[in-house]
Every structure is written in C-alpha cells, then in structure tokens.
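The next block holds one structure in the form of structure tokens; read it before the comments.
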Amino acid sequence: MRISARADYAIRAALQLTASRDGGPIKAEAIADAQDIPHKFLEGILNDMRRGGLVLSRRGGNGGYRLAKAAESITIADVIRTVDGPLVSVRGVRPPELTYTGPAESLLPLWIALRSNVREILEGVSLADVASAQLPASVSALTITPDAWVNP
C-alpha cells in the first residue's frame with residue numbers, strides 16, 4: 001500500500017489544526033510553514049477537505065481553517081478517503097468489483113483481507129489519537145517487533 005503525498009499532507013495539515021491551542025482558524029500559510037508543505041498544493045488539499053466536511057474555512061483577516069468536528073471523531077481513514085478516494089483499490093477498482101479466474105482466483109480474498117486490515121487500522125485511529133501520541137494498543141502492538149521497522 002502506498003500513502004500518497006496528498007494524503008500525507010492532508011493528515012499532517014489536519015493534525016496541525018488538531019494541535020491548535022485556541023481552536024481558532026489557522027491560515028493555510030501557517031499550516032504549510034509548520035509542516036513544510038508546498039502552499040499551493042496545500043490549498044487544493046484544504047479545499048477538498050472543506051468539500052468533504054472535514055474542515056471549515058473563513059475568509060478575511062481573522063480567517064483560516066479549522067476542523068469541522070472534534071478531532072476524536074475524525075479518523076485517519078476519513079482524511080485519506082476525502083483526498084484520495086478508497087483506501088484500497090487494485091488498478092483503480094475496488095476489490096469486490098474484481099473477478100479472477102484459474103490460479104489467480106484466490107487473489108480476490110487476499111485483496112479483501114488486505115482491505116479489511118487497512119480499514120481496521122486507519123478507521124481505528126483518530127486525529128486526536130495521533131496528535132496526543134496515544135495510538136490504540138492494537139496499533140502500537142504492530143510496531144513492537146524490530147522487523148516492523150525494516151524494509152525487506
């Protein structure tokens with residue numbers, strides 16, 4: 001699975017909004033500077049997040065962006081889906097829409113299992129969890145073995 005730059009930037013921007021001390025709007029430039037995200041690219045991402053109902057925006061001198069709901073109720077999966085679409089697809093197709101024959105027939109249950117595990121992790125972690133460095137125990141447990149940190 002690949003996490004696109006767009007999804008990574010969207011999550012980081014949402015975490016910056018989560019960490020806002022006063023809950024007031026934050027300008028896109030400030031988010032871009034704090035997270036080292038190209039400003040123009042971030043503007044497009046924030047607009048997608050606004051259309052997706054994750055952030056609210058206000059124009060003007062006191063304007064900017066803020067989360068549309070509590071950080072505890074926004075999952076990492078919500079952010080990824082908003083900016084990139086489905087969490088898992090094969091050639092741009094969602095797994096239940098695929099068909100395979102012959103020796104490749106068992107690929108479909110494999111892709112479904114992969115999607116299930118990705119959902120379990122990304123839907124089980126909120127922005128508040130990440131911002132507070134308090135990942136769910138089931139997610140933290142996956143990082144304990146040294147092999148988890150090594151690229152094969």
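The values are calculated or read from the model by the stated rules, or taken from the named source; none is laboratory data. Computed from a predicted model, the values in this text were never measured in an experiment. Cβ coordinates were reconstructed from backbone atoms using ideal geometry, including for glycine residues, and neighbour counts include every protein chain displayed.
One residue is enough: does the range 68-89 have a residue meeting the conditions modelled with pLDDT under 95 and of a type in the set (Ser, Thr, Tyr)? Yes, the range 68-89 has at least one match.
Selection of helices (runs of 4 or more DSSP H) fully inside the range 105-146 by the criterion of at least 2 residues being modelled with pLDDT of 95 or more and closer than 13 Å to Leu87 by Cα returns 107-122. Collect the residues in the range 90-104 that are closer than 17 Å to Met1 by Cβ and either surrounded by 10 or more Cβ atoms within 10 Å (Cβ to Cβ) or modelled with pLDDT of 95 or more (or both), keeping them in residue-number order. Of everything in the range 90-104, those that are closer than 17 Å to Met1 by Cβ and either surrounded by 10 or more Cβ atoms within 10 Å (Cβ to Cβ) or modelled with pLDDT of 95 or more (or both) turn out to be Val90, Val93, Arg94, Pro95, Leu98. Residue under question is Arg58, and the condition is that it be of a type in the set (D, E, K, R), exposed (fewer than 15 other Cβ atoms within 10 Å of the Cβ) and touching a Pro at 6+ places or on another chain (Cβ under 9 Å); does it hold? So Arg58 fits the description; yes. Screening the range 1-97 for helices (runs of 4 or more DSSP H) wholly inside it with 1 or more residues that are aliphatic (A, V, I, L, M) and touching a residue at least 40 places away in the same chain (Cβ under 8 Å) returns the ranges 5-18, 76-84.
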